[in-house]
Amino acid sequence: MLIQKLSRISLIRSPTKFSGIHRSSVGLATKCCSKESRRSLSSNHWAQFEMAPVDPIVGLNEIFQKDDYPSKVIVGVGAYRDDVGKPYVLPCVREAEKKMMDRKLDMEYSGIAGDPKFVDLALKFVYGNDSIPILENRVQGTQALSGTGGLRVFGELMRKHGHKHIYVPNPTWGNHIPIFTNSGLEVRKYRYYDSEKSDLDFLGLIDDIKSMPAGSIILLHACAHNPTGMDPSMEQWKEMSETIKKHNILPFFDCAYQGFASGDPIKDAAAVRMFVEDGHLISMVQSFSKNFGLYGQRIGALSVVGRDEDEAKRVVSQMKTVIRPMYSNPPRQGARIVTTILEDPRLTQDFLDQCKGMANRITLMRTLLKDKLAEVGSTKNWEHITKQIGMFAYSGLSSDQVMEMRENHHVYCTADGRISMAGVTSGNVDYIANAIHDVSK
Ligand code: PMP
């Protein structure tokens with residue numbers, strides 16, 4: 001009895017004993033972390049790591065944040081801002097979130113290919129409800145970690161299936177190059193833009209398609225080409241479609257701005273739909289970052305048009321073998337938001353109105369910027385600012401002029417002279433026009 005009592009006491013007291021040991025081990029840890037002991041470690045696995053350069057687009061924001069000039073302006077990063085320069089959450093997104101909260105949804109894993117309902121709605125959104133391959137179930141896809149993740153999965157999928165290279169326009173969105181290089185593909189460029197004329201280099205583009213080896217992949221920006229804002233006309237798209245078909249090239253569409261270019265998602269999908277009608281067995285990545293304003297939700301889709309349902313499903317099964325060891329399965333919230341909107345006709349209409357509102361504000365800012373440049377005395381031709389479409393204006397400023405604008409006026413755009421029109425507001429347009437004029441006169 002006495003022994004039992006004593007052992008119970010020692011058990012109760014043991015935490016004190018342990019906490020004593022714990023204290024001394026904290027002391028040990030502190031010793032281990034001292035500068036001297038770190039220096040005396042036999043090998044340091046991190047010493048050879050150099051500081052990586054900042055990302056040319058995302059890093060611009062970090063530089064901007066450090067600038068304490070009161071009238072500083074950033075027109076670098078491609079995210080929409082309202083007319084007072086604030087981030088904008090679409091009201092239809094807020095409403096969808098409320099609906100989702102009320103449903104008390106679970107937080108289970110989604111499948112490797114994501115939410116099938118979302119994928120179905122996303123594909124219909126771009127290919128069209130009445131698209132023949134959609135009706136024949138020949139279009140299949142997976143949810144993607146927005147545009148970037150879909151591009152990466154596509155790159156790896158194609159590399160695994162024998163492709164060695166991919167053609168991208170010159171210039172293209174900066175991240176395309178490391179995404180495909182990291183997928184193990186050689187990135188080749190085709191002519192796209194004539195900087196002298198600030199216009200599409202259509203003859204160069206067609207010539208380059210003709211010299212691509214049969215079976216190559218060509219990346220096409222579905223609309224609102226980033227960074228030039230210069231899209232082919234429908235006649236030019238037609239000629240591209242015919243040439244691509246004749247030379248047996250695989251068209252891969254990057255659709256990051258559907259609805260954001262013209263304000264009408266159907267119009268912005270016209271090139272994609274024409275290629276599909278022309279019989280191309282295309283592949284496509286969609287992003288819902290810009291049009292739905294869901295940047296941080298990382299929501300997109302990767303799809304393929306097959307000769308028949310079985311073929312398309314086989315390709316998707318291979319996409320899943322790329323996804324599973326890469327990130328296992330995608331997050332749920334963004335897919336649920338898009339699904340809640342697109343399955344509800346009223347919320348869909350609200351989305352269409354709100355997306356058009358964003359596109360209209362950008363178009364208005366293009367006109368305003370061009371007019372202000374004339375007003376402040378610039379005699380240069382700025383016609384391309386209103387000829388271009390989408391989020392970006394490819395100003396034609398050289399990298400030296402960009403740096404001068406940064407240093408002297410605290411106006412930040414990317415080194416290639418790309419101005420995010422979404423960052424231009426009625427409050428800062430005069431200031432930006434003055435800065436551009438000053439460095440370009
Ligand atoms: N493709 C293009 C052409 C883009 O401009 C962007 C965004 N800047 C993306 C893909 C990817 O964006 P996200 O990953 O946010 O969807």
Hits in the range 158-174 (condition: farther than 30 Å from Ser198 by Cα and surrounded by 21 or more Cβ atoms within 10 Å (Cβ to Cβ))
Met158
Selected residue (only one of Gly111, Gly85, Gly78 is away from the ligand (no atom under 16 Å from the Cβ) and modelled with pLDDT under 95):
Gly85
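Could you tell me whether Ser183 is under 18 Å from the mean Cα position of the chain (by Cα), buried (at least 22 other Cβ atoms within 10 Å of the Cβ) and hydroxyl-bearing (Ser, Thr, Tyr)? So that I can check it myself, show each step before the final result.
Details: under 18 Å from the mean Cα position of the chain (by Cα): yes; buried (at least 22 other Cβ atoms within 10 Å of the Cβ): no; hydroxyl-bearing (Ser, Thr, Tyr): yes.
Criteria not met by Ser183.
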Just one listed residue, out of Ile341, Ile389, Ile337, Ile362, is assigned to a helix (DSSP H, G or I), among the β-branched types (Val, Ile, Thr) and either modelled with pLDDT under 95 or in contact with a Gly (Cβ under 8 Å, 6 or more places away or on another chain) (or both), and it is Ile362
For Arg361, only one of the following conditions fails: (1) out of contact with any helix residue (DSSP H, G or I) (no Cβ under 7 Å at 6 or more places or on another chain); (2) more than 27 Å from Pro91 (Cα to Cα); (3) of a type in the set (D, E, K, R). What is its number?
(2)
Checking the structure you have, find out if any residue of the range 255-277 is at pLDDT 95 or above, more than 14 Å from the ligand (Cβ to nearest atom) and under 24 Å from Ile112 (Cβ atoms).
no
Just one listed residue, out of Ile299, Ile323, is closer than 20 Å to Cys92 by Cβ and β-branched (Val, Ile, Thr), and it is Ile299
A careful count of residues in the range 279-330 that are touching a residue at least 40 places away in the same chain (Cβ under 8 Å), away from the ligand (no atom under 16 Å from the Cβ) and outside any helix (DSSP H, G or I) gives 7
Would you pick out the residues in the range 201-243 that are within 22 Å of Trp382 (Cα to Cα) and surrounded by fewer than 20 Cβ atoms within 10 Å (Cβ to Cβ)?
Phe202, Pro232, Ser233
Just to be sure before I move on: is Arg159 part of a strand (DSSP E or B), of a type in the set (Lys, Arg) and more than 16 Å from the ligand (Cβ to nearest atom) in the structure I sent?
no
Of all residues in the range 225-251 being within 13 Å of Tyr190 (Cβ to Cβ) and not in a loop (DSSP other than H, G, I, E, B), which is nearest to the ligand (Cβ to nearest atom)?
Pro251
Matching residues in the range 162-204 - criterion: being within 14 Å of the ligand (Cβ to nearest atom) and of a type in the set (A, V, I, L, M)
Ile166, Val168, Ile177, Ile179
Do we have Gly204 as small (Gly, Ala, Ser) and more than 21 Å from Gln388 (Cα to Cα) here?
no
Residue list for the range 327-362, restricted to those being within 28 Å of Asp83 (Cα to Cα) and of a type in the set (Phe, Trp, Tyr)
Phe351
Give me a count of the residues in the range 120-151 that are away from the ligand (no atom under 16 Å from the Cβ), aliphatic (A, V, I, L, M) and either within 18 Å of the chain's Cα centre (by Cα) or not in a strand (DSSP E or B) (or both).
5
Taking only pairs six or more apart or across chains, which ones have beta-carbon atoms under 7 Å, a first residue in the range 127-156 that is within 13 Å of Ser283 (Cα to Cα), and a second residue that is more than 10 Å from the ligand (Cβ to nearest atom) and of a type in the set (Lys, Arg)?
Tyr127/Arg273; Gln140/Lys313; Thr142/Lys320
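The values are calculated or read from the model by the stated rules, or taken from the named source; none is laboratory data. In this text, all values refer to a predicted model and were calculated from it rather than measured experimentally. Cβ atoms come from the backbone with ideal geometry, glycine included; neighbour counts cover every protein chain shown.
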